[in-house]
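Student: After the structure tokens below, expect a handful of questions from me.
None of the figures in this text is laboratory data; all of them are computed from the coordinates on show. Since the structure is predicted, the reported quantities are computational estimates derived from the model, not experimental observations. Quick reminder, even Gly has a Cβ in these numbers, built from the backbone with ideal geometry, and neighbours come from all protein chains shown.
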Amino acid sequence: MKTPNRREFLLGSGMVLGLTANVFPSDSFSLMRSAEPTAASAPGEEPGKDPSPRTAKPLYNTGLRTAIGLGDEPPSTVDNYGQLLWTRRAAYSRMQFGSPLQPAENAQWTQSLLDGYIPVVETHLSLGNSSLQLSAFASDHGGVKADYIEIKNPQTPYRVELFFPYTTSIMLNDGTVTSGDKVLAAFPRPKKSSIRLAKYNLLTPESWSTLHPAWNAYVPRQLPPDVDDTFATSRELYLNRPIEYRFPAQAGKTYHVVLGLYPDADTECPQINFPGWTVLKLSVDSESQVVDYALVRPGQPVLKEFMVTPQQNELRLKSECDPSSTGWIRGCEISGIWIFDAPVDTTQVMTGNLNSQALYYVRCGRESVYDIASSVALDYEPALSAESCWIRLPYDTAVNDSAALMRISPESARDAVKVRWESFVQKGAEFSTGVLQLDNLYKTSLINILLMRTKYEGRGEGGQDIYVVNPGPNLYNVFWTRDGSFMMGAFDHAGLPEEAEKSLRLLWDSKLTGTLAVYGQQASGAWASPAWQWDGQGQALMALLSHYDLTGDREWLKKVYPNIRKGALWIKQMTNLTQFVNENGEKPLYYGLLPMTSGEGAGVDPPNIIYQPNFWAVYGVREARRAASILGQNDDVEWMKDLDEQFSANLLASIKIAYRIIGKSEFLPTTPFDARTRGFGSIVGLYPSRFLDLHDPMVTGTLKTVAEGMREDTIGGNYHTFLIAMCYLLADDAAMFQRLFNGYVALVSPTNAWVETVFALNRAGSGDMPHCWAAALYILTYRASLVYENERKLEFCWGVQPQWLHDGARISVMRAPTAFGKIDFTLRRNGSELNFDYSLKPVALQPAPEEVRLHIPKLEGKITSVRVNGRPYQITQGESVVLLLRE
């Protein structure tokens, strides 16, 4: 299977408002429809031609969506047409409206959030003379958890299709859809309705079709002439998550099941096609077989046969990564499924001659939505009065409790959503730039992280709950240490330490089992989710120490210190593995560094020596050493000090050679062996690791090289833009910091979320959305523009932009935790005078800052004085820093 690539450049456009629907199909349907993929280029754009910066063309996106939900539970998502995508066990929706009825995807649309940040998604669709207004949200008002869809005062005929992907048996009766003893949906009685039952169920909707790849462009698969077209596509998933189907069957009857694969030769990364890298386990009920892709002929189908007699009235088919697989992708795929009631000749299956004879025949990746999900179609006439049509989709309501569901006022349920999220945001610190969009982006980003977090009740040590932050709702509905460390830290920096503590339990709890044990710290001391990616080691240590810094909670630090120590020991042991010399006593470029790895910042997917995880690891060692010092663990301080010095010396020696030879003294490459990887990843050497000096030519040269690749004021990739922006802030280049900050903000959706990647050539979005690593980095960078701990200096308003400080403007921070205590401040402009009032309330055991500095942006109009807590400071023209305190 192809290697996923998370590092495509994010080179997108501005706000997405009112675009026509000639775009890529929405994820929920594109993953299943049998239509061929959309052309690679956007309408009116020449294939392969790079659009000029900041054109009027909008952000085209394969999966623009907004999260709704309750937090700490699997979220639902809403697409740009107001249609509900995959939700819980219940349903998703598809709309048609107008006369004659046309799909919502043909409409122009605008979309917004309630009050600019609350996850109540308001959508307006326009199609000729017809229009429709929709609202979608999740609420647990009245003791019933449910998703709600509102069609507001419709003045046109419309049809709502509701799909139920986890059952092949539903009943429609008097405004409700039920399955077994559960209510799946409730709605006003329609003028006309119809019902269709699924043939079978795809139980993993987060998997994707190779017709609509999650990251890379669609490339048609070339089949041998005697191979059936079934093998032209596959359904895929990765990171140790299975693809699973369920088929109705007769208990006690024997079936002949054939599962088909089509192992492609990985032309992008042929060096990883070795035995053990991609090993799949195919299962039908309790029977399983293993396929090692390196041991089969690439470009030829693989068929595995099963003779099974189910004990229940169903067959469960599964493709998953075998535990012995050594590849970090840990992916799985499947191309075809054939189920017969008698043995057949598999050579005839391969050629397609028996497709019509199968009881069930599935072209994986091209399944019809009507085959895999039961559905109802509801036809409504225009409203006769100013009334809304409400559709309720409960999470878990028994038929006997349906009356309670219907008694709930949807309007009250929406009011409860507003109260819920207002109170959540108000619990934390308050930041205000006075720019409504930026302030709302902060709030929504914080909410989205909670919406993506999943609670595992009683799964931790002593029966404590474990909370897993996930970067996205579908593709990334899995824990990544690198993403998660920033997301956990975002809670701390937002003044929500209790939420950070809940999330951090995953990093130190020693009693985790199952999937959670994979996410947590391994017996070796490694934090490696996903496997074989070492950058998470330093990032986990960063997150743990950051929580201590912002809370001063020494008892908590004592509790987690054994994990911190164990994490540092892992780094020591792994760097020992590469400390060898050749026969002449010469050291390799990777002497004393972490072994080969893959992952973010690599620029290439095959395992390699990569500098980014090494910068993170040195940073982690220094954080562990600091923890040992704080707790008086003097023996640990000594060996950590030696490790820090030796590791740092080895890393510095390596990057100096790579900078000179591979980077030709112009930039620091991502790997010491490949000049093509002018990696933004190596910039971690400056921020946040602070391993290199601001003025080191390796830093300034790399920043210059990276900036040359800047497109539409973004660099490298979605979330990486903010990391590099922080490098410019540390370098006191406010103009470049602001340019990158604004470029990144321009890529956000109308509902305050980022897709992972936007491609320059066709302006199409890919990856998952909302992308919560992106949200976390926005939170951290937005905060840093107002208050930032620059090592022992406390910086105020370092990233404040001139347009924020117009005459009469007010910028404020309230209840914000820092490493030096809690901060309140207000900055006001009155003509030529700035008034800055602040207080720093120290927290026990936190150090005092060496300096406190107020930064003044280059403003239009002369600023002649600054008053700080009532005290006047005279400043000269062009002065940019007021020193408020020096130790």
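Student: Calculate the FRET efficiency for Ala523 and Asp396 from the Cβ-Cβ distance with a Förster distance of 30 Å, rounded to the nearest 0.05.
Tutor: E(calc), rounded to 0.05, equals 0.25.
Student: Count the net charge of all other residues whose Cβ sits under 14 Å from the Cβ of Asn173, scoring Lys and Arg as +1 and Asp and Glu as -1.
Tutor: 0
Student: How high is the relative contact order of segment 147-192, in percent, counting Cα pairs under 8 Å that sit 6 or more residues apart?
Tutor: 21
Student: I need the calculated FRET efficiency for the pair Ser832 and Gln133, taking r as the beta carbon distance and R₀ as 41 Å, to the nearest 0.05.
Tutor: Efficiency at R0 = 41 Å is approximately 0.30.
Student: In the chain, with Lys and Arg counted as +1 and Asp and Glu as -1 at Cβ, which of these residues, Val257, Ser319, Ala136, has the Cα nearest the positive end of the dipole, that is, farthest along it?
Tutor: Ala136
Student: Between Leu315 and residues 5 or more places away or on another chain, which pairs have amide H atoms under 5 Å apart, with H built 1.01 Å from N, and which residues are they?
Tutor: So Leu315 has HN proximity to Phe247, Ala249.
Student: Around Val800, under 11 Å between beta carbons, what's the net of Lys plus Arg minus Asp minus Glu among the other residues?
Tutor: For residues surrounding Val800, the net value is +1.
Student: Once you have the Cα-Cα distance between Glu314 and Lys192, take 0.36 nm times their residue separation minus that, and quote the gain in nm to one decimal.
Tutor: Extra length from Glu314 to Lys192 when fully extended: 40.7 nm.
Student: Let me ask something additional. Calculate, in nm to one decimal, what Arg554 and Lys427 gain on full extension: separation in residues at 0.36 nm each, minus their alpha carbon distance.
Tutor: Full extension from Arg554 to Lys427 adds 43.4 nm.
Student: To continue, here is another question. Answer with a single label: of (1) 27.5, 85; (2) 28.2, 92; (3) 37.1, 121, which was calculated as Rg and Dmax of the Cα atoms in Å from the structure in view?
Tutor: Looking at Rg and Dmax of the Cα atoms in Å for this model, the match is (2).
Student: For segment 548-564 and segment 640-701, what is the separation of their C-alpha centers, rounded to whole Å?
Tutor: Taking the Cα centre of each part, segment 548-564 and segment 640-701 sit 30 Å apart.
Student: Which FRET efficiency value, to the nearest 0.05, is calculated for Glu789 and Gln579 with the Förster distance at 45 angstrom and r the Cβ-Cβ distance?
Tutor: Plugging the Cβ-Cβ distance into 1/(1 + (r/R0)^6) gives 0.80.
Student: Across the chain, where is the longest run that never hits trypsin sites (Lys or Arg not before Pro) in a DSSP loop with at most 12 other C-beta atoms within 10 Å?
Tutor: 254-663
Student: Expected output is a single nm value to one decimal: the length gained when fully extending between Asp693 and Gln300, i.e. 0.36 nm times separation in residues minus the C-alpha distance. What is it?
Tutor: Going from the current span to full extension adds 136.1 nm.
Student: List, in order, the whole-Hz ³J(HN,Hα) value for each residue of segment 212-228 obtained from phi through the Karplus relation with A = 6.51, B = -1.76, C = 1.60 and θ = phi - 60°; use x for Gly and Pro.
Tutor: 10, x, 5, 10, 7, 5, 5, 10, x, 8, 8, 9, x, x, 9, 9, 5
Student: For segment 501-595, what is the charge dipole size about the Cα centre, in debye to the nearest 20, if Lys and Arg each add +1 at the Cβ and Asp and Glu each add -1 at the Cβ?
Tutor: That gives a dipole near 340 debye.
Student: Then there's this: For the chain, give the magnitude of the charge dipole about the Cα centre (Cβ charges: +1 Lys/Arg, -1 Asp/Glu; no others), in debye to the nearest 20.
Tutor: Computed about the Cα centre, the dipole is about 880 debye.
Student: If you don't mind, another one. Divide by every residue of the chain the summed helix terms, -39500 (n - 2.57) for each DSSP H run of at least 4, and state the resulting mean residue ellipticity at 222 nm, rounded to the nearest 500 deg cm²/dmol.
Tutor: Computed ellipticity for the chain at 222 nm equals -8000 deg cm²/dmol.
Student: Rounded to the nearest 20 Debye, what is the dipole magnitude of segment 845-887 about its Cα centre when Lys and Arg each give +1 and Asp and Glu each give -1 at the C-beta?
Tutor: Roughly 200 debye for segment 845-887.
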